Amino acid sequence: MTPIQQQTFHAASSGQDVLGRARTGTGKTLAFLLPALESALRMGRVPGPPLSPHYLIRNNENVDGIYDESSQQKSITRGGIAILIISPTRELAMQIHHQAQMITSSHTNSNSSYDSSFNERQKHKYPMISQVMYGGTSRNSDITKLETNMPFILVATPGRLIDHMQSTTLRLPGGQSIPFRELIQNVSVWVLDEADRCLDMGFRKDMEYILDHKPKEGAPPSSDAVRRHAASAAAELPPAALAAQTLLFSATLPDSLRSIMASHMRPRYLTVDCIQDADTNPASHAHSNVEQRYVTLPPPSSLDIDIDNNDDDHHLNQGHYISSLVSILEDIIHHQNPTDYKIIVFFPTTSTCQFFSHIFNTIYRIPVLEIHSKKSQSNRTIMSTKFRKFSKGILFTTDVSARGVDYPNVTHVIQYGGGAEDKETYLHRLGRTGRAGKAGCGLLVCTGVHEERSFVKRVLKGLEVQHDGRIQALLLNNNNHDGEELLSSEELDTSSSSIQKTKKNRVEINNARLQKIRFGIGMRTNVVLEKMANDAYRSLLGYKIAKMENLGLRSKNEVVEHVNSLAMQMGYLPGKMPTIGPKIIQALGLNGVRGLNVGKEYHLQNKDGGADGRGHSGGRSGERRSGKNGGDRVGQRDDTNLWSKGGGLQRHVWKHRGKEQSGGGGSDRRSNFQQFDDYRWSNFSQ
Ligand SMILES: Nc1ncnc2c1ncn2[C@@H]1O[C@H](COP(=O)(O)OP(=O)(O)OP(=O)(O)O)[C@@H](O)[C@H]1O
C-alpha cells in the first residue's frame, strides 16, 4: 500500500470523514475507492434500486431501511446510489469509473458479514455496479442506465450531476417514480476527488448546490450486526458520525480553501497529510524523481515583414513561438529518448492547443493527439484511450488533463507558454509524469522574460525548477537561418557531407513551413488555419489579462504588446491583428489600449468580401491554384499560395527559395519536402 492508503484506509472504511493530501500519482484513487465501498457496506447499503413503497426519503419513520415485501422482514437493505464520487473533469471521472468497475466486478457482493439478514433475492439479482455521467454525452442514456441498472457507485462531473438533480425523475422497475435528487439525498459516502479544484471559485457554486443535498443526519444502520460493526470500528466518533460520510482528496490544498473544506466535513474529521512539510518547504510538493526545468522563448529578432519591400536582406519573423516547440520535441525524441517517449504538452487555452495541434498534424506532419474542450466527448474519449494504450506518443492538451488523469509511463510534461495559472496547476500538470514511483521530466516554457521573472522566480519559489541551459541554447540557435545550430553537437562533430546536406534540408524545410504558416495566416490564404489563429489570439489575450500578475505583465498595454508579439510569431503581419469586437474590448477592460484592432470580429465566411479592407477577392483561390508560378516550382499545392500575391513578398520568397535550391543542391523541391515528411512520420509515428 502507498502511504496515503496506509494512513486513510482504517478511518475511511470505518465511516470517518477524511481529508487526504498526497503527491500526484501516489494512489489516492484507491485510497478513497476501497474504503468508500467498505464503509457503504458497513452502513448497510446493498446494490439495487431503492425498493418502493417504503423508500426511506419518503417515509421518515422508516428512515433506516426499507420494507422488503418478498422476505416479509424489515431489513437494512437500502438500495439506490450508495457512493457518489465527484470529479472536476470528464477524463478523470471516466478513469475513476473504470477503476471502480474493476473493483466492483470482482466483488462477491456477499455482505453477510455486515448483516445476516441480507436478502438473498436481492443479493443475486443486483450486481454491484458503477456508473459514470458527465457532460457531452446523452442525458437519456444516463437515465436509462439508472433506471435499468441502479448503480452502487456513481461517478459524475458537477455540471451533469446538477442537470439531473434539477430535472430528472426516474421510473424504476415496478412503476415507481423517484426524482434523481432524492437518490442523491440518500447517498451514504460522498467523495470529492481533486477537492480543492471542486471547491475553488470555478466550481464552488455548483458544489454548494450539490453539497446542500448531503444528508446532515445520515441513515443509521438498524441491524444489530451493523451497529456492532459501526460501534467497534468508529468507537471514537460522535453520534453525528452516522450521517453521510465525506472523503476529500487532493495533491494540493491551498490555505484559502481549507476552511471551506472543513465546513463540509463533520467536526472530528481526520486529516491525513502525506506532504506535511509542503507548506513550509514547497520543494517537497513535487516528487524528487521528477526533474523540473524551465526555458524562456528567445525574443524574436525581427518582426517586421514588409510584403511590398523587395529586399533580399529583409529578415522574416523568426516564429519562435512555433518553431521552439518543434525543436524541443525533436530534441526529446531524437536525442534524449528515441525509443521510449510519451510526452504531454499543456497549452494555456483551448484555442492555442487547437492551433498548435493543427500546425503539427497538417504542416509539420508530426502526429499529435489532441484533447481539449472544443473536441466532442466521443473524440476526447477515443484520444484518451489511445494515449493511455500507446507505448509512445505526443498529446497536446489543456487543463482538462491536468488533474488526476493517469496515463501510464509519461516521460515528459511540457507546459508551453502558460505555467501561469498558479502553483497548484503547475504541480498537477507536472504530476502527469513520475507516477507510481517512476521517473519523469517536466519542462516549463516561458513566453518571455517577464514570465520567467514572475512565474518561475516568484510563484514557483521554493520548488526546485532549474534553468535548462542546453535546451535554452538550442532555442537561441534557432535564430540562425543558416540553421547549423539546429543540429545536435553529435551531428556538428561529423563532417560527413550527407549530414551537412540533411542539415541544410531540415533547416530549409523548417523555414519553408514557417513561411507557409505565415502566409496562411498573415496573408489569409488558409481559411482553417487563419480561423484557428484568430481564436488563439483572442484566447491568449483573455488568458493573459486574467493572469497578468502571475505573468509579470504590469499593464494591459504590456499584455497587448506581448500577445501581439506572439501573434506575429504565429504569422500575423504587423498592425494586422485579428479584430476584437467592442463588447470583448469592454469585457476585458481594454478600452483605449494601444495595438488592438478594434472592429467587428472577422468572420471567415466574410473573408472574400474583405471585411478588414484588404480587398481579397472571391476569385483568388482559383487564381492561386492555376497560378503560373504555382505548384510547378514548389511542387506543393499549398505552397502555391505563396506565389499568387505578386509584389515584393513573392519575389522575396522566390529568391529565398532560389538560394535554398542551390544551397540544398536539389532541383526537386517536392522530393525534399517529401523526404522530410517521410522522415518525420517514421520517427514520430506511434
Ligand atoms: N498500492 C499501490 N501499489 C502500486 N501501484 C498503485 C497502488 N495504488 C495505486 N497504484 C497505481 O499508481 C498510479 C497512480 O494512482 P492514482 O491515479 O490513484 O494517483 P493519484 O494520487 O490519484 O494521482 P493524482 O494526484 O494525479 O490524481 C495508478 O496507475 C495506480 O494504479
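Here the peptides 397-407, 526-536 are ranked by packing, the mean other Cβ count within 10 Å, and the order with the highest first is 397-407, 526-536. So, counting K/R as plus one and D/E as minus one, what does the shell of residues with Cβ under 10 Å around ASP422 add up to? So the surrounding residues net to -1.
Taking a sphere under 14 Å around the Cβ of GLN95 and counting the other residues whose Cβ falls inside, with K and R at +1 and D and E at -1, yields a net charge of +4.
Computed in the context of the full set of protein chains, the accessible area of the range 327-414 at 1.4 Å probe radius has 49% of its extent on carbon or sulfur. Peptides 257-267, 3-13 ranked from most to least packed, by the mean per-residue count of other Cβ atoms within 10 Å: 3-13, 257-267.
Ranked by the mean number of other Cβ atoms within 10 Å per residue, highest first, peptides 455-464, 154-163 order as 154-163, 455-464. On a per residue basis, the range 394-448 carries 20 Å² of accessible surface, using protein heavy atoms and a 1.4 Å probe. Spatially, the range 397-440 and the range 1-54 are offset by 26 Å when compared through their Cα centroids. Measuring r between the beta carbons of GLN101 and ASP255 and using R0 = 45 Å, the FRET efficiency lands at 0.80. Among LYS544, LYS145, the order of accessible area from largest down is LYS145, LYS544, computed with a 1.4 Å probe on protein heavy atoms.
The gain in end-to-end length when the THR169 to THR385 segment is fully stretched comes to 74.5 nm, 0.36 nm per residue minus the alpha carbon separation.
Solvent-accessible area per residue in the range 327-373 equals 23 Å², computed with a 1.4 angstrom probe and all protein chains kept. The portion of the accessible surface of the range 501-564 made up by carbon and sulfur, rounded to a whole percent, is 51 (1.4 Å probe; DNA, RNA and ligands excluded).
At q = 0.17 Å⁻¹, what is the log10 ratio I(q)/I(0) for the range 123-210, with the Debye formula run over Cα points and no solvent? So the normalised log intensities are -0.75. Charged neighbours of ALA536, selected by a Cβ distance under 13 Å, balance to +2 (K, R count +1; D, E count -1). Counting only protein heavy atoms and using a 1.4 Å probe, the accessible area of THR579 comes to about 20 Å².
Oblate is the label for the range 375-418, because a/c, from the alpha-carbon gyration tensor with a ≥ b ≥ c as root eigenvalues, is 1.5 or above and a/b does not exceed b/c. Residues in the range 501-578 average 29 Å² of solvent-accessible surface per residue, probe 1.4 Å, ligands and nucleic acids excluded.
The values are calculated or read from the model by the stated rules, or taken from the named source; none is laboratory data. This structure is a prediction, so every number in the text was calculated from the model and none was measured. Cβ coordinates were reconstructed from backbone atoms using ideal geometry, including for glycine residues, and neighbour counts include every protein chain displayed. Remember, those area values only see protein heavy atoms, side chains included, never the ligands or the DNA or RNA. Shrake-Rupley method; radii C 1.70, N 1.55, O 1.52, S 1.80 Å.
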